Amino acid sequence: MAAKEKKAVDFEQQLKNLEALVESLESGDLSLEDSLKSFEQGIKVARECQTALKQAEQKVEVLMRQGDELVSQPFTEDD
């Protein structure tokens, strides 16, 4: 269970990192070289987040699969 919690924390941390990169780029205080480095790092972080989200989506689909058919169910906080 600790590994799953660690992945969730890593995802949240990556989102915070991405937000910080965006803020630094938007500030306009970085040199061109630093801006390019931050942009490159932001793209890398965004791709890692997209991959994590895609993997989570695939796991949810597998869990919701009934027989050979995927059953779509609305999420409720009671679940």
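Every number here is computed from the coordinates shown, using simple stated rules; none is lab data. The model shown is predicted, which means the values in this text are computed figures rather than measured ones. All Cβ positions, even for glycine, are placed from backbone atoms using ideal geometry, and neighbour counts span all protein chains on display.
Quick notes
- All positions within the range 21-40 that are part of a helix (DSSP H, G or I) and surrounded by fewer than 14 Cβ atoms within 10 Å (Cβ to Cβ): 23, 26, 27, 32, 33, 34, 36, 37, 40
- Of all the residues in the range 25-41, those that are polar (S, T, N, Q) and within 29 Å of residue 56 (Cα to Cα) number 2.
- Any pair with Cβ under 8 angstrom, 6 or more apart, that starts in the range 51-63 at a residue that is in contact (Cβ under 8 Å) with a residue 40 or more places away in the chain and under 19 Å from residue 12 (Cα atoms) and ends at one that is assigned to a helix (DSSP H, G or I) and of a type in the set (S, T, N, Q): 52/14
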